[in-house]
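This report refers to the structure that appears directly beneath it.
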Amino acid sequence: MSIKIGNEEFTEFNDLYDDPSFVSDSERAEIEFEVALIGKLIEAREKSGMSQKKLADLTGLKQPAIARLENLKAIPKIDTLFKLLDPLGYTLAIVPKEKRRKTD
């Protein structure tokens with residue numbers, strides 16, 4: 001289904017997401033980082049076989065708070081990330097970006 005905004009017609013979410021007048025490169029990078037970060041958090045929790053409730057009990061957070069994070073309804077602060085990652089056996093690290101190959 002398409003929508004009309006101003007004089008432009010958009011048919012898919014990606015049309016807006018990829019349009020720099022709606023989402024800047026820095027906003028897009030932030031969104032992609034948050035999605036990847038939460039994805040890794042969910043992956044770590046599931047790999048450990050831990051429920052949201054068990055993780056909540058171990059961290060002192062409430063299960064609904066963890067659900068909100070996993071559903072991208074909230075973005076955790078760094079101290080919260082450390083609380084969540086520690087019982088899962090993970091930590092945060094800053095690593096260099098992978099160098100992209102130049103194609104000629």
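The values are calculated or read from the model by the stated rules, or taken from the named source; none is laboratory data. None of the values given here were measured: they were computed from a predicted structure. Virtual Cβ from ideal backbone geometry, glycine too; neighbours counted across all protein chains shown.
When you scan region 41-63, how many residues do you find that are assigned to a helix (DSSP H, G or I) and either in contact with a His (Cβ under 7 Å, 6 or more places away or on another chain) or among the small types (Gly, Ala, Ser) (or both)?
Qualifying residue count for the region: 3.
Is it the case that some residue within region 91-103 is hydrophobic (A, V, I, L, M, F, W, C) and touching a residue at least 24 places away in the same chain (Cβ under 8 Å)?
Checked region 91-103: no residue is hydrophobic (A, V, I, L, M, F, W, C) and touching a residue at least 24 places away in the same chain (Cβ under 8 Å).
Being within 20 Å of residue 78 (Cα to Cα) and modelled with pLDDT under 80 is the filter here; which residues of region 1-48 pass it?
none
Among 38, 66, which is within 15 Å of the chain's Cα centre (by Cα), assigned to a helix (DSSP H, G or I), in contact (Cβ under 8 Å) with a residue 12 or more places away in the chain and under 20 Å from residue 13 (Cβ atoms)?
Going through 38, 66 in turn, the sole match is 38.
Filter region 9-35 for residues that are surrounded by 13 or more Cβ atoms within 10 Å (Cβ to Cβ) and in a strand (DSSP E or B) and give the result.
Selection gives 10 alone.
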